[in-house]
Amino acid sequence: MGLLSERMGIDFTYYNKRTKDLLQTISIPASSGFISSRLANLGEVTNKGIEVAFFGTPIRYGSSAWDTRLSIATNKNRLESFNFPGKTLETPSGQAYGSVQQHRPGYPLGGFWTQPALRCGIDQPPPGVVIQPCGSVVGGAMLTTAGAAIFNTGDTARRYFGPSTPTRELSFSNTVTLFKNFHVYALIDHKGGYNVFNLQERNRCQSANDNCARVNVAAARFPTNAQDSVLFRELAVYRSTSVSPEWIEKADFVKLRELSFTYDLPKDLVAKSGAAGGTFMISGRNLKVWKDYEGVDPEVNSYGGRNFVRVDAYAAPMMRRWTAGFNLQF
């Protein structure tokens, strides 16, 4: 829809897509004489969401103008059914650090599922497990007599901790034209509503040297009050080799994705080279990121070639770079 003689406009899309007969690996009964698997067309997945764009030229005065565009997109992914009797979950392959993502009906594909640590005053210890006295501590990790954190065991004890793909995306771009020939362009984008498994921080906290900020807290290492005792017990969670939900972190971010300066060269100047037009441009990419994620860049994925697996395993962050160049049009 265009408004005010096309000075403003709106694009709107709503989608509701159901995908059927997905390829799944199904085990072959051993009674057939084979120990293997086969591919079958099973399962249903839905994706629902909206895509909205607001765009326009709020200012146009002589040879100067301001053009802007705001885009918003959402997506709700859901595994409706495996359509296979008795199948309640599937674990994507390629998670060498421990299975933390699973497919389960009623939830997003590749969602994060794991066992939380049991905590004093909140949970009950498993039958037969002797624990350290909790005292007045409420909320600190429940520990064995050896000082190890206790986790819920078994697949049915897993809890859902969120999706692994963005559920919302937003971008905001602006182009300012000054004196007809000079253009400034900026793009800010946001992705949110999803998580990433921070393997590198997990490994740092598990190392013998306690090489992470979480465990190098004086109040936690040398408790002097009840609140410090809660932190002290949490150190056992950070140091545990179990796949703790502590490392499933919110990956929401805002980035200054691009900033560029473009100058349209005078036509009488470029005409001497036989060109019809030319520009000179300086452009920067991935200049700034705002995030709460403990790692360097929540947008990375070390195992992008493995279906649904999303993990930061010492991946190189998006490069910040500046480029400059000429463009001649003939």
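Residue by residue through the stretch 267-314, note down the ones that are within 30 Å of ASN203 (Cβ to Cβ) and touching a helix residue (DSSP H, G or I) at 6+ places or on another chain (Cβ under 8 Å).
GLU294, GLY295, SER302, VAL311, ASP312, ALA313, TYR314
The rows are residues; the columns are (1) surrounded by 15 or more Cβ atoms within 10 Å (Cβ to Cβ); (2) not in a loop (DSSP other than H, G, I, E, B).
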residue	(1), (2)
ASP21	no, yes
SER71	yes, yes
GLY86	no, no
TYR107	yes, no
TRP113	yes, yes
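Hey, PRO166 hits all of (1) surrounded by 17 or more Cβ atoms within 10 Å (Cβ to Cβ); (2) within 30 Å of SER260 (Cα to Cα); (3) modelled with pLDDT under 90 but one; which does it fall short on?
All conditions pass for PRO166, except number (3).
Mind telling me which of the residues LEU269, LEU235, LEU256, LEU287 ends up being within 19 Å of ALA213 (Cα to Cα), outside any loop (DSSP other than H, G, I, E, B) and not charged (D, E, K, R)?
LEU235
Of (1) crowded, with 17+ Cβ neighbours inside 10 Å; (2) in contact (Cβ under 8 Å) with a residue 12 or more places away in the chain; (3) of a type in the set (Lys, Arg); (4) not in a strand (DSSP E or B), ARG204 satisfies all except one. Which?
Tallying (1) crowded, with 17+ Cβ neighbours inside 10 Å; (2) in contact (Cβ under 8 Å) with a residue 12 or more places away in the chain; (3) of a type in the set (Lys, Arg); (4) not in a strand (DSSP E or B), ARG204 fails exactly one: (2).
Evaluate the following for ARG38: is it on the phi < 0 side of the Ramachandran plot, without any contact (Cβ under 8 Å) to a residue 24 or more places away in the chain, surrounded by fewer than 13 Cβ atoms within 10 Å (Cβ to Cβ) and not in a loop (DSSP other than H, G, I, E, B)?
yes
For the stretch 259-295, what are the residues that are among the aliphatic types (A, V, I, L, M) and either at pLDDT 95 or above or surrounded by 14 or more Cβ atoms within 10 Å (Cβ to Cβ) (or both)?
LEU259, LEU265, VAL270, ALA275, MET281, ILE282, LEU287, VAL289 - these are the residues of the stretch 259-295 that are among the aliphatic types (A, V, I, L, M) and either at pLDDT 95 or above or surrounded by 14 or more Cβ atoms within 10 Å (Cβ to Cβ) (or both).
Which condition number in (1) assigned to a loop (DSSP other than H, G, I, E, B); (2) touching a Lys or Arg at 6+ places or on another chain (Cβ under 9 Å); (3) surrounded by fewer than 16 Cβ atoms within 10 Å (Cβ to Cβ); (4) not aliphatic (A, V, I, L, M) is the one that GLY305 fails?
That leaves (2) as the condition not met.
For the subset of the stretch 140-155 comprising residues that are in a loop (DSSP other than H, G, I, E, B) and not hydroxyl-bearing (Ser, Thr, Tyr), which member is nearest to SER240 (Cα to Cα)?
Only one residue tops the list, namely ALA148.
Could you please let me know if LEU170 is hydrophobic (A, V, I, L, M, F, W, C), assigned to a strand (DSSP E or B) and touching a strand residue (DSSP E or B) at 6+ places or on another chain (Cβ under 7 Å)?
yes
The values are calculated or read from the model by the stated rules, or taken from the named source; none is laboratory data. Since the structure is predicted, the reported quantities are computational estimates derived from the model, not experimental observations. Positions of Cβ are generated from backbone atoms using ideal geometry, with glycine treated the same way; all protein chains shown enter the neighbour counts.
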